[in-house]
1. So how strong a dipole does the chain carry about its Cα centre when Lys and Arg Cβ are +1 and Asp and Glu Cβ are -1, to the nearest 20 debye?
2. Return the calculated 222 nm mean residue ellipticity for the chain, to the nearest 500 deg cm²/dmol, obtained by summing -39500 (n - 2.57) across DSSP H runs with n ≥ 4 and dividing by the residue count.
3. Sorted from fewest to most neighbouring beta carbons within 10 Å, what does the list 131, 118, 170, 145 look like?
4. Check residue 43: other-chain or 5+ apart residues with amide H under 5 Å from its amide H, H built from backbone geometry?
5. In what sequence, highest mean first, do 83-91, 10-18, 71-79 appear when ranked by Cβ atoms within 10 angstrom?
6. Using the 10 angstrom Cβ neighbour count as an exposure proxy, how do 48, 134 rank, fewest first?
7. What does the charge count around residue 113 come to, taking other residues whose C-beta lies under 14 Å from its C-beta (Lys +1, Arg +1, Asp -1, Glu -1)?
8. Please report how far the C-alpha centroid of the stretch 1-60 lies from that of the stretch 92-149, rounded to the nearest whole angstrom.
Amino acid sequence: MERNIEEIWGKYEGLLRRLSDHNLNTLLNEQGQRIAECTFNTSSSESFTGPGGLVEFCLEVAKAARSLNEALGLNCSTKSILLTALLSDLGRIGDLEQDTFSIQDSDWHREKLGQLYKWNEECDKMSMTHKTLFLLQHYGVKLTKEEWLAIQLSGGMHYEENRFYAGHNKGLLFLIQTARQHILNK
């Protein structure tokens with residue numbers, strides 16, 4: 001599926017810039033190109049694969065989370081929803097120097113398995129959420145405890161590091177996890 005990267009980047013960037021956070025704006029200025037071009041998935045059979053895939057996925061999560069918030073009357077702040085939904089997968093871009101994914105250079109993997117991207121072995125080994133939280137702290141983006149937990153736990157409670165929190169998914173955390181699962185299962 002061909003996506004209009006300029007259009008979706010404009011929406012993504014516009015929503016985050018409305019939060020009027022100098023540090024977040026610096027992150028967007030310095031990492032915007034990488035964010036806009038980043039894929040969310042690696043295989044041609046998966047949704048949100050290819051340039052702009054990350055941004056498109058995050059916009060869908062934000063839209064679903066805002067709808068859920070309204071429908072369920074959870075009263076989570078729009079700022080917190082946008083911040084966590086749009087940034088919870090930021091770590092997919094990689095670390096400060098290296099991209100997480102690189103173009104698959106094996107014809108066999110591309111043709112037989114549909115793998116368009118592969119893991120970049122030069123990128124430090126960290127979970128996506130840990131990369132996300134590292135990038136946000138590097139740029140000085142302030143998060144509330146609830147926002148931090150929503151990002152840390154956004155990938156799900158099945159990860160060993162998140163199991164401690166099982167049964168405590170309410171409010172913002174519930175919105176982000178539910179919205180992500182809804183989008184991924186479409």
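1. 800 debye
2. Theoretical 222 nm ellipticity from helices: -16500 deg cm²/dmol.
3. Least crowded to most crowded, the residues run 145, 170, 118, 131.
4. Under 5 Å from the amide H of residue 43: 116.
5. Most protected by this proxy first, the peptides run 83-91, 10-18, 71-79.
6. 134, 48
7. So the surrounding residues net to -1.
8. Answer, in whole Å: 13.
Values in this text are rule-based calculations from the coordinates and carry no lab data. Worth saying up front: this structure is predicted, and the values here are computed from it rather than measured. Cβ: placed from backbone, ideal geometry, glycine included. Neighbour counts: every protein chain shown.
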